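Have a look at the structure below, then the notes.
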2 protein chains.
Amino acid sequence: MMGPMSDAPWMHRLQTDAGYLLYRLGQRSGSLFNAALEQHGLRLRHHAILRYLATVDGARQRELADRLGYDPSAVVTLLDDLQRLGLAERRADPADRRNRIVVLTEAGRELLRTADSDSRRVTDDLLQPLDAADRATLLALLRRLAEPIS
Amino acid sequence: MMGPMSDAPWMHRLQTDAGYLLYRLGQRSGSLFNAALEQHGLRLRHHAILRYLATVDGARQRELADRLGYDPSAVVTLLDDLQRLGLAERRADPADRRNRIVVLTEAGRELLRTADSDSRRVTDDLLQPLDAADRATLLALLRRLAEPIS
DNA sequence: AACAATGATTGCTGTTGTCAATGATTGCTG
DNA sequence: CAGCAATCATTGACAACAGCAATCATTGTT
């Protein structure tokens, strides 16, 4: 209905700024993810925690905060939600009673399977303009950009 | 202090999801921009409006909302801010009195020059891991992704 | 035994994204 | 031309979220 707008004059300033594009695309990505996860009662950040837990099997809350880049206080409420949904549990750490060791429940592992395929669909949708080779290139570049953080 | 983490096992699930990477990088990009613009009393969204106005010279508020992807109500308060700072003005549209035509003031145009160089610095910082060729590739890919929206 | 450091938690504050509702204005249509 | 739907800007409310400071229990150090 509007045609390609890469050549529209008003575009030049905003569209040639990779930082701004990342910001905008990140927003869109986030809202798509949240929409897809809504049916499970989860949001993007819950899902990220579940995915992280699936790879390490047992993480301190501090570790979650560091690795995922969330504030420790945010982790608290996110875990409250996951625990209330029966998807994750906090266990005592016999070695250091300050720590809470978070693990996936079987229900959590189960839900992760379907939620994962949902979010894969979102990523597919997001990357639709690109073919497989371009997607691989983009992913490689993004990973290099993300390396400095977590 | 930590070394490259592309190979750490816990990474695989999160780091191989381009959608999630976009989300995280978008967050980081946004906060860097906001930090850089803070000295001017602006936030990222103000700056985006100023930049858009610089290219079109006179835009209805609805046009700003559509093109930049903001809610019309958000545009109202953003313009209130810009107007209070003397950077933009709302003018009457003789053709249709429902419309407010927003234009840059001279001060706005002036500030945009220094703010632009600030934000260029942010993008440079963000893209530091990539050389010039890779940056060009990334920008091209991001533009293709962003085309469907605005 | 005293003290600094750490992990989880609570609380608060400002920003942001969304949505619904309203008032003014315009264009359309019978 | 009278009424009605659509459009634009605006206001208001609300959940989500980031960021920060303060607190409590626990651990390690000296």
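The values are calculated or read from the model by the stated rules, or taken from the named source; none is laboratory data. Since the structure is predicted, the reported quantities are computational estimates derived from the model, not experimental observations. Ideal geometry is used to build each Cβ from the backbone, glycine not excepted, and the neighbour counts take in all protein chains shown. Side chains are part of the model used for accessible areas, which takes the heavy atoms of the whole protein and leaves out ligands, DNA and RNA. Shrake-Rupley method; radii C 1.70, N 1.55, O 1.52, S 1.80 Å.
Projected over all directions and averaged, the alpha-carbon convex hull of chain B occupies 11.4 nm². Couplings for region A:102-111, taken from phi via the Karplus curve 6.51 cos²θ - 1.76 cosθ + 1.60 with θ = phi - 60°, read 9, 10, 6, 8, 5, 4, x, 5, 4, 4 Hz in order; Gly and Pro are left as x. Leaving ligands and nucleic acids aside, the A/B contact buries around 6000 square angstrom of accessible area in total at a 1.4 Å probe radius.
Amide H neighbours of A:Asn99 under 5 Å, counting only residues 5+ apart in sequence or on other chains, H built in-plane at 1.01 Å? Distant-sequence amide H within range of A:Asn99: A:Asp93. From other protein chains only, count the Cβ atoms within 10 Å of every residue's Cβ in A:120-126, then give the mean. For peptide A:120-126, the averaged partner shielding equals 3.
Relative to the current alpha-carbon distance between B:Thr137 and B:Asp66, full extension at 0.36 nm per residue lengthens the span by 22.8 nm. Shielding value for A:46-58 is 3, the average number of Cβ atoms from other chains within 10 Å of each residue's Cβ. Judged by the mean number of other Cβ atoms found within 10 Å, the most tightly packed of the peptides B:125-132, A:48-55 leads the ranking A:48-55, B:125-132.
Its relative contact order, with pairs defined as Cα atoms under 8 Å and 6+ residues apart, puts chain A at 21 percent. A protection proxy built from the mean count of other Cβ atoms within 10 Å ranks the segments B:68-75, A:33-40, most packed first, as A:33-40, B:68-75. Here the Karplus curve 6.51 cos²θ - 1.76 cosθ + 1.60, taken at θ = phi - 60°, turns the phi angles of region A:66-80 into couplings of 5, 5, 8, x, 9, 5, x, 5, 5, 4, 4, 6, 4, 5, 4 Hz, with x standing for Gly and Pro. In chain B, the calculated helix contribution to ellipticity at 222 nm averages -20000 deg cm²/dmol per residue, counting -39,500 (n - 2.57) for every DSSP H run with n ≥ 4.
Taking the square roots of five times each eigenvalue of the Cα gyration tensor of region B:64-150, the equivalent ellipsoid has semi-axes of 32, 18, 10 Å, listed largest first.
Protein heavy-atom surface of chain A, 1.4 angstrom probe: 49% of the accessible area is carbon and sulfur, with nucleic acids and ligands not counted. For peptide A:28-35, the mean count of partner chain Cβ atoms within 10 Å of a residue's Cβ comes to 5.
On a per residue basis, the convex hull of the C-alpha atoms belonging to the protein assembly as shown measures out at 166 Å³. Solvent-accessible area per residue in region A:47-94 equals 45 Å², computed with a 1.4 angstrom probe and all protein chains kept.
In this structure the amide hydrogen of B:Arg60, modeled in the peptide plane, comes within under 5 Å of the amide hydrogens of B:Val102, none closer than 5 places in sequence on its chain. In order along region B:36-51, phi translates into HN-Hα couplings of 6, 8, 4, 4, 8, x, 10, 10, 3, 6, 4, 4, 4, 5, 4, 5 Hz, rounded to whole numbers, per the Karplus curve 6.51 cos²θ - 1.76 cosθ + 1.60 with θ = phi - 60° and x for Gly and Pro.
Around the Cα centre of chain A, unit charges on the Cβ atoms of Lys, Arg, Asp and Glu (plus for the first two, minus for the last two) sum to a dipole of about 360 debye.
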